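No lab work stands behind these numbers, since they all come straight from the coordinates. As the structure is a prediction and not an experimental result, all values here were calculated from the model. All Cβ positions, glycine included, derive from the backbone under ideal geometry; neighbour counts span all protein chains shown.
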Amino acid sequence: MNILLFDANHCIAEALTQSFQSVYMLEFTDRLKGQGKLCQYKSGQRQESLLTFDLLEDEAASIAAWLDQHDVRLEAMVNNLEQVTDKSLLETSLVQWQESLLINLHFPFLLVKALVPYLSERGQCIHLSSTMAVSGESGAVNYASHKSALESFSKSLSRECSERQIRSNVISVSPRCWKETNGVQQVSQMIYQMCYNPASFLNGQVITFDNGETLS
Amino acid sequence: MVAEPSVVLIVGGAAGIGKAAAEDRLKKGDKVVFTDINEAVGKQLMEQWQAQGYSATFIQQNVTSWTDTEKVAAKTIDMYGRIDILIVSAGVTSQQRLEDITYKQWCFTLDVNLTGLFYSLKAVIPEMIRNGGGNIVIVGSGSAITGSGGGIHYATSKGGAFGLMRAVADQFSDQGIHINLVAPRVIATEMLDVLYPTEEAREELRQKIPIKQLGTLEDTTNAINFLASEASRYMQAQVMLIDGGRTYLT
């Protein structure tokens, strides 16, 4: 089982390394410049740095070339890239808006476009989103907008890739869930289930972890 | 008592849905300020409408420029002292598959369709609040719900409008800001001509629509007028599909 996690510096990363034998991860050294290293975390071993990348320079071509060269096929890509700015509409600067676009949408686009060909047949993309996309949060206007956009991105991706039997789904997590003691573990378990017991009919969906908060 | 004409700002008002909305509001006697990137077409329309006795003003605007957007809001306020209705209709699309969309095209589509909306809301809402509130109608797309039509870049940009609208509503609902989104699908516009360039392609499309007809600009204008009016007072942060049943029945 090969999975690729888009951001090693996210709280889900550690939980995934405990569940999966091996996880490829992008470890950003400068996120806003899209620069970092592709690493592999193997259970019980130190992480191995495989190559450096610059997304804005080569649009993830170097990562694709490495996968090609090493004949690696991925069962799942987990897009956990996110940039949260707790600013309302009037407080949000133009720079903050653009930075949020870059991390929440532009980089996932570049990575998914370049790496979808390396997903195995019946592989999948799993995107982490937020219930803020539905509830709207005045304190995080960028995040609410860009996660909402990501959910439409995933639906479009599911349509485009379904002919290769590649699926795309979203796990939408409420801010409160992330703060719960076992919140991260629950999301990690969901990803594990989706990878090891894949439901072939689950495609283009948003799975929500919010304890019913969003609709209340 | 005759109602006072509304001051209507239409971003992207020289073509398609925006143009139809502008023309309709002018016929209702409103004062319309409309913008577009295409200066020649905008000026021509303004002259045509002014010659018909309507209160139409065109301002050239690149919606991806904050400076342009600020200027549009300021000029409208200079002219009329308020903005009662904001309709954001500027948008671009191209029918491409993921592997064919360049990074430049991706960024451009998101800049026009989503950042342009963000700028419009950021520039106009403070003015509306100063005047006790206002009605905002965003022209979105049903493709954000289904994830199809116009390519993944288009659907993504339109999906972003949903969250942005909700965040704005969450903050400004109690300050008189009434905001909703009309989501047309398969409306006969120049944009549809880009996506379905031949009659054969359009006929194939018609057959996929439960009512077997393409939508018209009038259908969209009616929905926009409803959302911009007191009649929809209790609707807030909603997505109103205008799609002949296409989204949920097929």
How many partner chain Cβ atoms sit within 10 Å of a residue's Cβ in peptide B:138-145, on average, as a whole number?
2
B:G16 neighbourhood, Cβ < 12 Å, K/R = +1, D/E = -1, net charge -3
Which ordering of A:H10, A:H146, A:H70 is given by a fewest-first count of other beta-carbon atoms within 10 Å?
A:H70, A:H10, A:H146
Likely footprinting exposure, A:M190, B:M235, fewest C-beta neighbours within 10 Å first:
B:M235, A:M190
Using each residue's phi in the stretch B:12-20, evaluate 6.51 cos²θ - 1.76 cosθ + 1.60 at θ = phi - 60° and report the 3J(HN,Hα) Karplus result to the nearest Hz, with x for Gly and Pro.
x, x, 9, 8, x, 5, x, 5, 4
What percent antiparallel are the DSSP beta bridges of the protein assembly as shown, to the nearest 5?
20 percent
Return the whole-Å distance between the Cα centroid of the stretch B:193-250 and the Cα centroid of the stretch B:109-162.
17 Å
Quick one: compute the contact order of chain B, relative version, from alpha carbon pairs under 8 angstrom and 6+ residues apart, as a percent.
19 percent
Run down the aspartates and glutamates and flag those whose C-alpha is under 14 Å from the C-alpha of B:K158, throwing out any fewer than 8 positions away in its chain.
A:E151, B:D111
Reach of B:K104 by Cα under 19 Å, taken over aspartates and glutamates that are not fewer than 8 positions away in the same chain
A:D54, A:E57, A:D58, A:E59, A:E99
Residues whose built amide H sits under 5 Å from the amide H of B:L241, excluding neighbours closer than 5 in sequence, are B:A183
To the nearest 500 deg cm²/dmol, what mean residue ellipticity at 222 nm is calculated for the protein assembly as shown from DSSP H runs of n ≥ 4 alone, each contributing -39,500 (n - 2.57), summed and divided by the residues?
-13000 deg cm²/dmol
Once normalised by the length of chain A, the mean sequence separation of its alpha carbon contacts under 8 Å that are 6 or more apart gives a contact order in percent of 19 percent
Pick from B:L205, B:L86, B:L195 the residue whose mean-square fluctuation is largest in a GNM of chain B, springs joining Cα atoms under 10 Å.
B:L205
What distance in nm separates the two pseudo spin-label positions at B:Q95 and A:I207, each 7 Å out from Cα along the beta-carbon direction?
3.5 nm
Once each part is reduced to its C-alpha centroid, what is the distance from the stretch A:149-208 to the stretch A:59-82 in angstrom?
18 Å
Cβ neighbours within 10 Å, averaged per peptide: list A:21-27, A:132-138, B:47-53 in order, most packed at the top.
A:132-138, A:21-27, B:47-53
Between A:D68 and A:Q18, how many nm apart are label points set 7 Å from Cα along the C-beta direction?
3.8 nm
Under the rule of at least 5 residues apart or a separate chain, name every residue whose amide H is placed under 5 Å from the amide H of B:T216.
B:A188
Between A:L56 and A:N197, what is 0.36 nm times their sequence separation minus the Cα-Cα distance? Round to one decimal in nm.
47.2 nm
Give the order of B:L9, A:L89 when sorted by the count of other beta carbons within 10 angstrom, beginning with the fewest.
A:L89, B:L9
Inter-label distance for A:K179 and B:N131, nm, one decimal - labels placed 7 Å from Cα along Cα-to-Cβ:
4.0 nm
Amide H proximity to A:Q124 below 5 Å, modelled H, separation 5+ or other chain, gives A:A76, A:M77, A:R167
Short version: ³J(HN,Hα) in whole Hz for each residue of the stretch B:54-59, in order, from phi by Karplus 6.51 cos²θ - 1.76 cosθ + 1.60 (θ = phi - 60°), x for Gly and Pro, what are they?
8, 8, 10, 10, 9, 10
Applied in sequence order to the stretch A:188-200, the curve 6.51 cos²θ - 1.76 cosθ + 1.60 (Karplus, θ = phi - 60°) yields integer Hz couplings, x standing for Gly and Pro, of 4, 5, 4, 4, 4, 4, 5, 7, 8, 10, x, 9, 5
Any lysines with Cα under 17 Å of the A:K87 Cα? List them, leaving off those in the same chain fewer than 8 positions away.
A:K147, B:K122
